[in-house]
Amino acid sequence: NNGKLELTLNSRNAPDLRISEGYRDMLKEYDKGSKKDKRQKEAVIFIKQKIDSARWFIDMIKQRQHTLLSTMSAIMNYQEEFFLTGDQTNLKPMILKDIADVTSLDISTVSRVANSKYVQTEFGTKRLKEFFSESLSTQDGEEVSTLEVKKILSEVIGEENKRRPLSDEKLKNILLKKGYNIARRTVAKYR
């Protein structure tokens, strides 16, 4: 929005959760009652358990939303250049540990958040897993994302003569000229 990134959760399908006033009022009525027979005591215990369960459930939903927001916020800040331009070559190498360190969450929690979750951007809907990649060192010693190398490789393969495709060795040499020193086996794997 006006050159600044905004992040919101899609909450259209999630109702606003709260504890029914009817159960709270019922609990107050039972507490006010002067005669407390066995059935009334059982009813009070039952209502208290249900209210506690509901509070716990609501707290867990809020915690999940907070975890989603903090994780996506960290990803957005880390990959800010991509979110502003939409250019995949601007994706920085990022692993789960990078986000876990920023959010103070466990790596397994970050992994669960990133798995099968999506973010809607101006450049389309993306899987969160797409933002994570290993890094490669260029000849200059600069760290680049493997996604950048894969995109360049894809462009080179797209322009090749389909009747006489380039060998992995030739592709390796083309990438080497562009400053990416990767092995032929890696080229074959990325292809």
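Given the condition in contact (Cβ under 8 Å) with a residue 24 or more places away in the chain and either of a type in the set (Gly, Ala, Ser) or within 19 Å of Phe83 (Cβ to Cβ) (or both), answer yes or no: does some residue in segment 155-176 qualify? So far as segment 155-176 goes, no, none of its residues is in contact (Cβ under 8 Å) with a residue 24 or more places away in the chain and either of a type in the set (Gly, Ala, Ser) or within 19 Å of Phe83 (Cβ to Cβ) (or both).
Criterion applied to Arg127, Arg164 was being farther than 26 Å from Gly3 by Cα and of a type in the set (Lys, Arg), and the one residue passing it is Arg164.
Within segment 99-121, identify whether any single residue is surrounded by 13 or more Cβ atoms within 10 Å (Cβ to Cβ) and part of a loop (DSSP other than H, G, I, E, B), and answer yes or no. Taking every residue of segment 99-121 in turn, at least one turns out to be surrounded by 13 or more Cβ atoms within 10 Å (Cβ to Cβ) and part of a loop (DSSP other than H, G, I, E, B). Residues of segment 125-152 that are open to solvent by less than 30 Å² (accessible area, probe 1.4 Å), more than 13 Å from Leu176 (Cα to Cα) and assigned to a strand (DSSP E or B): Ser133, Val144, Ser145. In segment 73-92, the residue that is modelled with the highest pLDDT out of those that are part of a loop (DSSP other than H, G, I, E, B) and either open to solvent by less than 30 Å² (accessible area, probe 1.4 Å) or under 14 Å from Gly3 (Cα atoms) (or both) is Gln79.
The values are calculated or read from the model by the stated rules, or taken from the named source; none is laboratory data. Source: prediction; values computed, not measured. As a convention, Cβ positions derive from the backbone with ideal geometry for all residues, glycine included, and neighbour counts pool all protein chains shown. When the accessible area is computed, the model is the full protein with side chains, heavy atoms only, and any ligands, DNA or RNA have been set aside. Shrake-Rupley method; radii C 1.70, N 1.55, O 1.52, S 1.80 Å.
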